[in-house]
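Notes follow the structure.
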Amino acid sequence: MTHHRVLTKTRPQALRPNSFWLLGPAVLLLIVWTQIPFALTLYHSFRRFNLLNPERQGFVGLENFASLLTDPIFWTAILNTLVLVGSVLLITVAVGLLLAVLFYQEFPGRALARTLAISPFFVMPVVSALIWKNMLMHPVYGLFAWMAESLGQRPIDWLATYPMPSIVMMVSWQWIPFAMLLILTGLQSLSKEQLEAAKIDGANAWQEFRYIVVPHLAQTLSVVVMLETIFLLTIFAEIYASTSGGPGLATTTLPYLIYLKAFGEYRIGVAAAGAVFAVILANIVAIFVLRMIGRNLQGGRT
Amino acid sequence: MIGRILQYTVLFIATLFFLLPVYLVIVTAFKEPSAITLSSTWQLPQVWYWESFAQAWTAFAPKLQNSFFLTITATILSALLGSLNGYVLAKWKFPGANIVFPLMLFGMFIPYQAVLIPLFQFVREIGLGGSLWGLILVHVVYGLPITTLIFRNYYAEIPDEMIEAGRIDGAGFFGIYSRIVFPLSVPGFVVVIIWQFTQIWNEFLFAVTLVSSPANQPITVALAQLAGGEAVKWNLPMAGALLAALPTLLVYIFLGRYFIRGLLAGSVKG
């Protein structure tokens, strides 16, 4: 018996629960803390809690979830969220990849150019939204309007005419540097010998890129996509400061809808139910996107 | 050759467009208020005007101080607690750990605004309403899922044999942590500290709801309020935005390399 135990002892900590429980309580308390955000949300999602009517509180079962699922705005918000996240992911990864390949080459002034390229990352999201809204896209005071007029065109009210593309552009602009930086670091771990070998075998630039660079980056890209997905799914300040979800519902995403329920209608229960859906959506998107990357990129490996 | 030139021209124009917003922030910050007109928005200032920075400094220095206090305290606390949590989850597999971990990950995906009002009430009930400590508490609680995740994945790479060796030498839970795990954690701390610092420094919604008195406002809230109007003189908010960007910029300049490497080394895999 003792002999057997020694042989199977590959994960010692699993056999030592006793010592854990001795010092457990303090540590366990810490772990409990990590559960607060989700537990609090889950708790409120099953309760009625309306600030305008605080007396009528209590457990309401699935009512909050039903109220959202039957609300057509909810489905619009889900669709908008997916459009926003999907477009921004595509744009940031594509442009980030392009920029990373560019900065992978040696050229004079590369360090300075690279620093400039990541500068959008240091502009606070709220400030960035205000700049785009008031200094660039504004139909009267914006630079785009001025450019259009100088060229004899009629200025476009970007946020009113093309609300979602405008938001996608704003958000992509902020996240391209992040994608670029991660991809560039991934590229730098690529062995030059492998590229040389491919060149000797007669691969052209595209084949080199498709069959060596992209598969090499598969893991980097999944990290980029996962981190960006976490953030993009909860994007709020940009929409709040620029379009406030409008015009109509054109840019009302799930996080913004949750905000409307909580701060516009004071229906905390419904807002919390929305947040539970946001978690479910995040998991679906994460699994879907990572699978897709795994299949397409690793498939290119020969 | 011509193809090359064309390629570079296209890239150059694309880069200019990409940098336009940052360029606007910088040139506007250096213009005299009277020199900010629509037709010259994109031009370099004719006279470089530093006064806006002095004004922005006087206006924003207390808010920057609030932001520093808030960000540094919350970052350190969430990093230390996350490191302990990661250690427990990676090396002291207790019953139920397999349930606790995925539930914790859900915490990362929750849009803050959903439970902000109950949170606000709770913070007020425990006597921290309107103060920076309430905000710090909330940032620590909401930061723990991601910091724990990063440290757990980082510590999973530490060989179990090292922990076991420490145990044989008679070290307990905290002994192993402080003598074996913590000294190995520097790269993990770099990733977590940069991550949390940027997040908390830039965060807007918690700050605007939880801190009521202007004296305690962090810089994000003050900037958004100042730049909220349409026809404001932009030199001041832009100078403020530049001041506010400096800390994150410095953090990245000094630690950015390790940050990106740490992220890619798998410290954030699910």
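For residues in the stretch A:263-302 being small (G, A, S) and at pLDDT 80 or above, which is farthest from B:F206 (Cα to Cα)? Looking at the filtered set, the residue picked out is A:A282. Taking the criterion of being out of contact with any Phe, Trp or Tyr (no Cβ under 7 Å at 6 or more places or on another chain), under 29 Å from A:I73 (Cα atoms) and within 14 Å of chain B (Cβ to nearest Cβ), would at least one residue in the stretch A:194-211 satisfy it? No, every residue in the stretch A:194-211 fails to be out of contact with any Phe, Trp or Tyr (no Cβ under 7 Å at 6 or more places or on another chain), under 29 Å from A:I73 (Cα atoms) and within 14 Å of chain B (Cβ to nearest Cβ).
Listed by position, the helices (runs of 4 or more DSSP H) contained in the stretch B:150-236 that have at least 2 residues being closer than 18 Å to B:A74 by Cβ, without any contact (Cβ under 8 Å) to a residue 60 or more places away in the chain and in contact with a His (Cβ under 7 Å, 6 or more places away or on another chain) form an empty set. Tell me yes or no: at least one residue of the stretch A:87-100 is modelled with pLDDT of 85 or more, open to solvent by less than 70 Å² (accessible area, probe 1.4 Å) and facing chain B (nearest Cβ under 9 Å). Yes, the conditions are met somewhere in the stretch A:87-100. Taking the stretch B:97-111 as the range and being of a type in the set (V, I, T) and buried (at least 21 other Cβ atoms within 10 Å of the Cβ) as the test, only B:I110 passes.
Kindly check whether there is at least one residue in the stretch B:54-76 that is within 10 Å of chain A (Cβ to nearest Cβ) and either surrounded by 14 or more Cβ atoms within 10 Å (Cβ to Cβ) or outside any helix (DSSP H, G or I) (or both). Looking for residues that are within 10 Å of chain A (Cβ to nearest Cβ) and either surrounded by 14 or more Cβ atoms within 10 Å (Cβ to Cβ) or outside any helix (DSSP H, G or I) (or both), one finds none in the stretch B:54-76, hence no. Look at (1) surrounded by 17 or more Cβ atoms within 10 Å (Cβ to Cβ); (2) part of a helix (DSSP H, G or I) and you find that A:M147 fails only one, number (1). Evaluate the following for B:V141: is it open to solvent by less than 20 Å² (accessible area, probe 1.4 Å) and at the interface with chain A (Cβ under 10 Å from one of its Cβ atoms)? Considered against the rule, which asks whether it is open to solvent by less than 20 Å² (accessible area, probe 1.4 Å) and at the interface with chain A (Cβ under 10 Å from one of its Cβ atoms), B:V141 comes out as yes. The residues of the stretch B:181-221 that are open to solvent by 30 Å² or more (accessible area, probe 1.4 Å) and within 11 Å of chain A (Cβ to nearest Cβ), listed by number, are B:Q199, B:V208, B:T209.
Of everything in the stretch B:159-173 that is more than 12 Å from B:K91 (Cβ to Cβ) and either more than 9 Å from chain A (Cβ to nearest Cβ) or more than 36 Å from the chain's Cα centre (by Cα) (or both), the residue that is least open to solvent (accessible area, probe 1.4 Å) is B:A171.
Hey, any hits in the stretch B:120-131 for a residue that's part of a helix (DSSP H, G or I), among the aliphatic types (A, V, I, L, M) and open to solvent by 10 Å² or more (accessible area, probe 1.4 Å)? No: zero hits.
The values are calculated or read from the model by the stated rules, or taken from the named source; none is laboratory data. All figures in this text were calculated on a predicted structure; none of them were measured in a lab. Cβ atoms come from the backbone with ideal geometry, glycine included; neighbour counts cover every protein chain shown. All accessible areas refer to the heavy atoms of the entire protein, side chains included, with ligands and DNA or RNA removed. Shrake-Rupley method; radii C 1.70, N 1.55, O 1.52, S 1.80 Å.
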